[in-house]
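The values are calculated or read from the model by the stated rules, or taken from the named source; none is laboratory data. In this text the structure is predicted, and so the values were computed from the model without any measurement. Virtual Cβ from ideal backbone geometry, glycine too; neighbours counted across all protein chains shown. Accessible surface areas use protein heavy atoms only, side chains included; no ligands, DNA or RNA. Shrake-Rupley method; radii C 1.70, N 1.55, O 1.52, S 1.80 Å.
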Amino acid sequence: MSLPTHVRLVEVGPRDGLQNEAQPISVTDKVRLVDDLTDAGVAYIEVGSFVSPKWVPQMAGSAEVFAHIRQQPGITYAALAPNLRGFEDALAAGVKEVAVFAAASEAFSQRNINCSISDSLQRFVPIMDAARQHGVRVRGYISCVLGCPYEGQVSAEQVAPIARELRDMGCYEVSLGDTIGTGTPGATRRLFEVVGAQVPRAELAGHFHDTYGQALANVYASLLEGINVFDSSVAGLGGCPYAKGASGNVASEDLLYMLQGLGIETGIDLDRLIAAGQRISAVLGRTSGARVARARSGQ
């Protein structure tokens, strides 16, 4: 299969990237990060999460962030809304697109959201109904699609029916997440072969963590399967607070550099993206986790 000519990057740094940080991050710094990403030409930015601050303290103030970012036409500013209360709060903040999360592993679902996979999907029904009523688009995530910190290997056959159910419920796109980064290119290709038989590949996305150094290889394997949407995090920020040892998402800068080398268009300015990553990394008191950024700056 030939490679796609255009790829859409879903920037998850402001939400998935920052939610795992130990130090508090000001609304001002979050707003500046989103605005920097807008200026870099990122067309889809996951800005925050409408979840109880008791569970994810770093996502407190998401409504305030939405109120102050410079929203530009043609750019999607999305938020995670794990339940109906979260969806209502997102709606009140003017959010036009939300994301919901399920897991491919029963153990991870229990540890993460304290319920079974089936129960978690049922919780989305009122969200989907409300979203249809208010014209809000919903994107679905499935975590642990290639491995689970509690159950070990996860088969593609476990993932496919969950992806199909999310699609049938009304998710326009389902992102398959290698939460602990154990996936390899062969397993990734088989994942999209199996899931792609139940959900059109044009409605699937890849979300890869680089824990084992396989993220870019897995993206390339996904490209060969016709996937052209990928989640990534500026400066390689983030991990998963419920998956011990899971390092960050693939760095947006590294992914963009690879895609440019393949002649694939994204509409994103690499230099401005690097600058955005370096600025938030400085706020966090560390160097960027993006290898391209470190190479360009001689770090």
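With R₀ set to 45 Å, the beta-carbon distance separating ASP39 from GLN110 gives a calculated FRET efficiency near 0.65. Comparing ILE45, ILE180, ILE117 in a Gaussian network model of the chain where C-alpha atoms under 10 Å apart are linked, the largest mean-square fluctuation is found at ILE117. Of the beta bridges in region 8-297, as assigned by DSSP with both residues counted there, near 5 percent are antiparallel.
Relative to the Cα centre, what is the charge dipole magnitude of the chain, using +1 at the beta carbon of each Lys and Arg, -1 at the beta carbon of each Asp and Glu, and rounding to the nearest 20 debye?
Numbers: 25 positive and 31 negative charges, 57 e Å.
So the dipole magnitude of the chain works out to roughly 280 debye.
Taking only protein heavy atoms into account and a 1.4 Å probe, give the accessible area per residue of region 8-297 in Å².
Values: 11250 Å² over 290 residues.
Heavy-atom accessible area per residue stands at 39 Å².
Helix-derived [θ] at 222 nm for the chain: sum -39500 (n - 2.57) over DSSP H runs of at least 4, divide by residue count, nearest 500?
On the way: 11 runs with 123 residues, N = 299.
Dividing the helical sum by the residues of the chain leaves -12500 deg cm²/dmol.
With contacts taken as Cα pairs under 8 Å and at least 6 residues apart, the chain reaches a relative contact order of 21 percent.
Quick one: pull the percent of accessible area on region 8-297 belonging to carbon and sulfur, 1.4 Å probe, ligands and nucleic acids left out.
On the way: 5540 of 11250 Å².
Whole-percent figure for carbon plus sulfur exposure: 49.
Of ASP269, ASP254, ASP36, the residue with the greatest mean-square motion in the GNM of the chain, using alpha carbon springs below 10 Å, is ASP269. Annotation: extensible slack from SER118 through GLU21 equals 31.9 nm (criterion: 0.36 nm per residue apart, minus Cα-Cα distance). With the cut-off at under 20 Å, measuring from each backbone N in region 199-222 to a point 7 Å along the Cα-to-Cβ line of THR184 picks out 207-222. Among ALA102, ALA40, ALA251, the residue with the largest mean-square fluctuation in a Gaussian network model of the chain, with springs joining Cα atoms closer than 10 Å, is ALA40. Between GLY17, HIS68, ILE280, the Cα set farthest toward the positive side of the dipole of the chain (charges on each charged residue's Cβ, about the Cα centre) is that of ILE280. If a spin label sat at a point 7 angstrom from the Cα of LEU3 along the line to its beta carbon, the backbone N atoms of region 265-280 nearer than 11 Å would be those of 265. In this simple spin-label approximation, SER52 and TYR172 carry label points 7 Å from Cα along the Cα→Cβ vector, and these lie 3.1 nm apart. Working from label points 7 Å from Cα in the Cα-to-Cβ sense, the LEU262 to ARG279 distance is 2.9 nm.
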